[in-house]
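S.K.: Encoded as structure tokens, here's the structure I'll be asking about.
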Amino acid sequence: MAASPHTLSSRLLTGWVGGCVWYLEGRAMQESPREFMHLFRSVRKQWMTFQHFTFLRRMYVTQLNRSLNQQVKRKPEPTASPFLERSSLAQAKAETCAMRPLPPPHLPLSRKPNDKELLELESASVIEGSLDVGRETKDEKQWKEMKLHLDDLPGVLARLSKIKLTALVVSTTSAGFALAPGPFDLPCFLLTFVGTGLASCAANSINQFFEVPFDSNMNRTKNRPLVRGQISPLLAVSFATCCAVPGVALLTWGVNPLTGALGVFNIFLYTCCYTPLKKISIANTWVGAVVGAIPPVMGWTAATGSLDAGAFLLGGILYSWQFPHFNALSWGLREDYSRGGYCMMSVTHPALCRRVALRHCLALIGLSAAAPVLDVTTWTFPAISLPINLYISYLGFRFYVDADRKSSRKLFFCSLWHLPLFLLLMLTCKRPPGATCAGGDSGLPTW
């Protein structure tokens, strides 16, 4: 067995000298591990101090140079000019292109990094972070940039006027004109078609002009032209005026004053009553249903020049159809409407929303039965329209019971094909001119 070093030395030196040597060697062997650990801790502490110093120096540099500071995304200022945003975006793009990321140096694992290598690593991470911030800023600001070319103007104005909703308004007006008794007058129909479309474009444009602050908070409407800044509010109001004036003029002097008056009343009701009520009361849904019920009445008055029972029947059909259509749509957009600050039945009164939708689905069956009584259609119409009315009533009942997105989506998509099919069946079953019910005159007055 091998002997320890201090045992060997004590054997070589005997007596008092050997005892002193043995004591000193043992004391050295006991103190060596303790001194080594103390030295390691002091070096480690000094290295951590240098790391803290480097971190503080980096924070000082980033405070001086704002382009390298990773900032939190801020909500864009509403008063900022789109042209200034374009220039700032170009400047940020130039700065991003000017900086090139430094490749991080690869350090061997067998040794500790020195001061220079630590600085290179930290500078590379800071520059890469600033480049990521530059890319996020570019992606965030790209959708707000105002880029309007002459070729894009028709599409922007079509979205401003809600071209799909305008098409629905014009189609219901045309159905009212075709269902009216009497011969079909093509020039009068074309004037009614164009005048109603222009009036609808004007009302929708003014509606978007008033709702810009609220539409910007909704995912459904945040990409509208005025919200994105594609056109100025002055251009939107000018477009609405250029649509309203000739539209009302065509309806008043090209068709008849009664139809022109209904057009003016509908623009006023939609822009000055329905639009502000959306932020105040759930009564906006009933007011909006009246707005949607007036176009077929305008078509009837354009053909006959009077308001009689058939006009009110068509208005009642459109009035009742809008409740399952809109209530089912708003049910899936409750979070959006709540974020936008709108007061909707689906948000504040969900049970009433489902109940009203079911009630008006059943009302369509009664209105179909009233059509032959009022000499609008033959008695075939209530029979052939009963299956689609029963189906939409069934979906309304499922929406009332289940109260979920799946049932509301089914009811909404059913309403999209129910109305055109319903009006087409009315046209096919229209009562021929001169024919009356078996009971004679309906006895209702003609205005």
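The values are calculated or read from the model by the stated rules, or taken from the named source; none is laboratory data. Keep in mind that this is a model prediction, so the values were computed, not measured. Please note that ligands, DNA and RNA were not included when accessible areas were found on the heavy atoms of the full protein model with its side chains. Shrake-Rupley method; radii C 1.70, N 1.55, O 1.52, S 1.80 Å.
S.K.: Tally up the residues in segment 252-300 that are farther than 20 Å from residue 356 by Cα and not in a loop (DSSP other than H, G, I, E, B), please.
M.R.: 30
S.K.: Something else: Go through (1) farther than 27 Å from residue 299 by Cα; (2) modelled with pLDDT of 95 or more for residue 405 and report which single condition fails.
M.R.: (2)
Here is a yes/no grid of residues against (1) modelled with pLDDT under 95; (2) of a type in the set (Gly, Ala, Ser):
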| residue | (1), (2) |
| --- | --- |
| 246 | no, no |
| 249 | no, yes |
| 260 | no, yes |
| 265 | no, no |
| 268 | no, no |
| 272 | yes, no |
| 275 | yes, no |
| 280 | yes, no |
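S.K.: To continue, here is another question. Check every one of the helices (runs of 4 or more DSSP H) wholly within segment 176-247 and list those with 3 or more residues that are open to solvent by 70 Å² or more (accessible area, probe 1.4 Å) and under 23 Å from residue 302 (Cα atoms).
M.R.: Numbers: elements: 186-210, 212-215, 225-228.
So the answer is 186-210.
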